[in-house]
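Quick one: this structure, given as structure tokens, is what I'll be asking you about.
The values are calculated or read from the model by the stated rules, or taken from the named source; none is laboratory data. The model shown is predicted, which means the values in this text are computed figures rather than measured ones. Here Cβ is always computed from backbone atoms with ideal geometry, including for glycine, and neighbour counts include all displayed protein chains. Protein only, heavy atoms only, side chains kept; ligands, DNA and RNA dropped before computing areas. Shrake-Rupley method; radii C 1.70, N 1.55, O 1.52, S 1.80 Å.
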Amino acid sequence: MTAEPILIVKDLTIDLLTAHTAVRPVDSISYQLRRGETLAIVGESGSGKTVTCFAPLGLMPVGVKADVSGSVLFEGTELVGANEETLRSLRGKSIGFIFQDPMSALNPARRIGHQIAEVAELHLGITPRAAEARALDLIKMVGMSDPNARLKQYPHELSGGLRQRVMIAISIAAEPKLLVADEPTTALDVTVQAQILRLLKEIQARMDMAMVLITHDMGVVAGAADRVLVMYAGRQAEVGPTEKVLVAPRHPYTMGLIDAIPRRDDAIGSRFRGLSGLPPILGAPIKGCAFTPRCRHSVEGCGAQRPPLRTTADPAVMAACPVLNA
Amino acid sequence: MQSIKAFAKAVAALPRAAVFTIGAFILLGLFAPYITPYDPNAQNLLMAGEGPSLAHWLGADHLGRDTLSRLIAAARTSLVGVCLVLLCAHSIGIVIGTIAGYRRGWTDEVLMRVVDVGQAIPSLIVSLAVIGIFGVSYWNMILALALAWWPSSARISRAVAVNVMNKPHMEALRVLGASPLRIYFVHLFPATLGAVLVYATADAGAVALAIATLSFLGLGIQPPTPEWGQMLVDALPYLEADPRQVILPGLTLTLAVVGFNILGEAVALNRVPKPLGARLVAARRRITASWATETRS
Amino acid sequence: MLVFIAKRARNAVLLLFLASVLCFTLVVSAPGNVAILIAELRTPTATKEDIAKVEEELGLNKPLLERYGFWLQGALKGNLGISYKTGEDVGAALRSRLSVTATLVAGGAVVAFVLSLLVGFIGALWAHRMPDYIMRGIALLGASTPSFFVGALLVYAFSVNWHLLPTFGFSGPASWVLPWLTLGFLPAAVLSRVVRVGFEDAMAKPYVLTARSKGLSQTRILFRDALPNIAPTYLNALGTQIGTMVVGAVVVEPLFAWQGLGDLFLAGVRFRDFMVVQACLLVFITFFVILNVVVDIGITLTDPRLRRQRS
Ligand SMILES: Nc1ncnc2c1ncn2[C@@H]1O[C@H](COP(=O)(O)OP(=O)(O)OP(=O)(O)O)[C@@H](O)[C@H]1O
Ligand SMILES: [Mg+2]
């Protein structure tokens, strides 16, 4: 884990332009990722987690134009400003993607065998027949029963958990160096969640992949991530090794997130300890700290100037809060 | 009120080209008797087959009738026909559709099966069968087309009605004891009418085509009343000598229908997201560029 | 699958039965005494005995239900009665004209199929760029131009002006080209819009984002991922358009002086020849019902969700 980082993101800012609005869901995000390492990105819904990871690779839905600035270096290749050809040659081959909603991410009109095999065929340069054999291996690897029959099935014949397994098989078919998993367990029921997470970690270890794991579940963070990046309203609140950030959060927002996790010693029926208030509506960038209105520790100056991301008392952890890190 | 507002809002959002073409068609149709330079039916055999001139901008047909005047008068024939057909078809369609959408259950089931069959049969064959039974006349043509067109109107009306009935305030009204008649006539009917009007306008092109086709076949508008399809078939024997008399009514009809079809396309394509155009991107970039200097607190 | 086809076939037979009742009612309720009409057609000075003979012959004095059975039996054997206007055997007339209309509709369908895919694919491949706008313009014009105008323009251009193709008649492939184009043009335009809108719709779906995340090219996604999803919709629309083209023969056949079913039907409608109208309606409706079954089976085969559910 001391090797060169394979992914270096610096001051990543993304503006989304749509027919109706312009928003900045990602504002000056910086992080690094090494081989075999897992970075969890956490934050409330709408905080910009998905856009951070997908927009720099040109994966935005139709009708949204993403203006990306800053720098994203993947194995020395600059992705910001790269043409579609460059990005396409990385997608699937070097970077695999798992989408948030397994129910709609698979093509309903095609057999899952084909959907997996085409990735291997395209990126590993193997024959269709070899690709099919590889698809079979992958289906076995993601732990689906009766793999031969599965190859010929269509997505609508599978449950959500199985579809997510297919999605995982697709994303790792070409043995990418980086896997971006967008809330891989959120849409699934609790028993399946643990299985999928274990599967991901297993595959990651076997292939020595780096992984960006998007989630809003602190339990997932604790169980699977080496480092964690906390996002609030498109901005980075805190980043650092999981064990340090979860045990001793520095940013009031991180504290709030951790405090919101139900504990075993909570009395039944005790008050829900979530964060009060709602995240700001995205639009023009906010002048001061975006969290100020909901912050228990906010002082006069918080709304005046945007707090920079600074190293805290612990040199491995960085946080953007001048009050608690002073 | 509700329906007028819905209609006005829908018109405002339509493509310029469609509004312009349809507007021109409607204006020509409404004011035809006042703007035709000549009597569209006045024959002048000395003028027969004459080319365009200052006096007769588009020339004259084989009977020496002024072509421009006939084209304009035909717009009125077409407009009146289309309106009558749509009025009849949608009267039947809205009543059936709203009843199906209001009652649901087996009433809905039965009515919609009938609509299914009606929609599966091409409209021209229904019209031809009706005319075949009742004979050729203006009102039989209107009846024939209305019978061919009501099913699609019923289908749309039902969809809208179901939508309206599913709104929370309808449930509230029922709980509060509003009578079924009141719900139907005050709330359901006007809302459906407004939404259906837009579809009706988009459908008008197909009706105009159907009227012209029946007239072309000699089963619709009868001579000497000017009508585009009938003018075309009238001039067809002289295609070699005077193609203008064939092409002009054809083009005019096509142009009118293009207007309605642009409209139909706009209605159908509204829900699909499409890539932003260069102009829109530039406009949005102006917003994001302004963020560099000003921020909100 | 077989069960599904059997079920569809049963429904189709039911529909055909209803259609036959409708067609039968049409003629029975037609104004005028049929026996007198036919008797007078044979001998202008028909006597009471002549009329009675005709009644006996055609079973017109029997109760309605029996007459229906009698008529249906005949119809199934291809005996569709005698025209009250011309005295012609309607069944024989239909048979002699069937091949003309079949040639017309088959050619028109091929024109519509090929042109619509061509225009639709070009539009989808160059989506929101010049070629797309041009194709959409053509499609818009095509969908707005009545077939009789298309026919007139084609005749003027190819026959009158350039003397390339015959103006009318049914005499070999050269004479078929213009009628085919005339019949297929408007359906081609309508179908190309189905293709174009279908692609637009499909390319905005989440599974396309997945396909892009695999590193596939846009063209490959278009044909491998989007195309299978629009196939059922397209087939359905194609079925509707073929149905429309059968009736469109009514316009195109007279235009090119072809003696097909459309021409016969038009004459029947014009002169209110009920036997002819009835027979043509029966043939057309039978065709629609069969067409619908075929389209339904096609849709079931192309849509995996339906295929499994119905097999
Ligand atoms: N397709 C889109 N169209 C318009 N705006 C979008 C789109 N996708 C994202 N956004 C904007 O970007 C913001 C961040 O979205 P993003 O999907 O990254 O959030 P997220 O953190 O992944 O949330 P979630 O946990 O719900 O997935 C949203 O609040 C929204 O304003
Ligand atoms: Mg997300």
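Count of lysine pairs in chain A with Cα atoms under 27 Å apart, counting only pairs 8 or more residues apart in sequence or on different chains?
25
Using 7 Å Cα-to-Cβ label points, what is the C:ILE134/C:THR43 separation (nm, one decimal)?
Between C:ILE134 and C:THR43, the simple spin-label model gives 7.3 nm.
Once R0 is set to 35 Å, what does the formula 1/(1 + (r/R0)^6) return for the Cβ-Cβ distance between C:GLU57 and C:SER29, expressed as a FRET efficiency to the nearest 0.05? Intermediate values should be presented prior to the final figure.
Working: r = 21 Å, r/R0 = 0.61.
Efficiency for this residue pair is about 0.95.
While we're here: What FRET efficiency comes out for the pair A:LYS140/A:ASP11, r = Cβ-Cβ distance, R0 = 35 Å, nearest 0.05?
E(calc), rounded to 0.05, equals 0.25.
Please label the shape of chain A as rounded, prolate or oblate, based on the square roots a ≥ b ≥ c of the eigenvalues of the alpha-carbon gyration tensor (a/c under 1.5 means rounded; beyond that, a/b larger than b/c means prolate, else oblate). Could you put the intermediate results ahead of the total?
On the way: a/c = 1.89, a/b = 1.54, b/c = 1.23.
Prolate shape, in that a/c is at least 1.5 and a/b is the bigger ratio.
Show log10 I(q)/I(0) for chain B at q = 0.07, 0.10 Å⁻¹, two decimals, from a solvent-free Debye sum over equal Cα scatterers.
One equal scatterer on each Cα of chain B leads to -0.38, -0.69.
What does the extension gain come out to for B:LEU251 and B:PHE185, with contour length at 0.36 nm per residue minus their alpha carbon separation?
Result for the pair: 19.5 nm of gain on full extension.
Something else: Given a 1.4 angstrom probe, I'd like the percentage of the accessible area of the range B:14-296 that is carbon and sulfur, rounded to a whole number.
Within the range B:14-296, the accessible surface is 68 percent carbon and sulfur.
Let me ask something additional. Straight-line reach only, C-alpha to C-alpha below 24 angstrom: list the lysines that C:LYS85 could link to, leaving out same-chain residues fewer than 8 apart.
Once the sequence-local lysines are set aside, what remains near C:LYS85 is C:LYS48, C:LYS53, C:LYS62, C:LYS77.
Something else about it: Can you grab the distance from the C-alpha centre of the range A:45-74 to the C-alpha centre of the range C:237-274, Å, no decimals?
One Cα centre to the other: 57 Å.
A follow-up question, please. Test of understanding: what is the full-extension gain from C:ALA6 to C:GLU88, defined as 0.36 nm times their sequence separation minus their Cα-Cα distance?
That pair, C:ALA6 and C:GLU88, stretches by 25.7 nm at full extension.
In square nanometres, what is one fourth of the surface area of the convex hull spanned by the alpha carbons of the protein assembly as shown?
So the Cα hull casts an average projection of 50.7 nm².
Here is a follow-up. Using a 7 Å offset from the Cα along the Cα-to-Cβ direction at both A:THR191 and A:ALA284, what is the distance between the two label points in nm, to one decimal?
Placing both labels 7 Å beyond Cα along the Cβ direction yields 5.4 nm.
As an exercise, identify the GluC sites (Glu not before Pro) in the range A:58-146 lying in DSSP coil whose Cβ has no more than 14 other Cβ atoms within 10 Å.
Loop-located and lightly packed - A:GLU75.
Report the FRET efficiency, 1/(1 + (r/R0)^6), for B:LEU63 and B:VAL117, where r is their Cβ-Cβ distance and R0 is 60 Å, rounded to 0.05.
According to the calculation, E is roughly 0.85.
Run the helix sum for the protein assembly as shown: -39,500 (n - 2.57) per DSSP H stretch of 4+ residues, divided by residue count, reported at 222 nm to the nearest 500 deg cm²/dmol.
So the helix-based figure for the protein assembly as shown works out to -19000 deg cm²/dmol.
Where does helix B:278-291 land angle-wise versus the long Cα axis of chain B, in degrees 0 to 90, nearest 10?
It works out to around 30 degrees.
Looking at the protein assembly as shown, send over the antiparallel percent of its DSSP beta bridges, to the nearest 5.
Looking only at bridges with both residues in the protein assembly as shown, the antiparallel portion is about 60 percent.
Could I ask something else about it? D for the range C:92-310, whole µm²/s, Stokes-Einstein with Kirkwood Rh over alpha-carbon pairs at 37 °C and 0.692 mPa s: what number?
The Stokes-Einstein estimate is 173 µm²/s.
Now for a different question. Within 10 Å, at most 10 other Cβ atoms, and a DSSP state outside H, G, I, E, B define an exposed site. Report the longest part of chain C free of exposed trypsin sites (Lys or Arg not before Pro).
It runs C:130-311.
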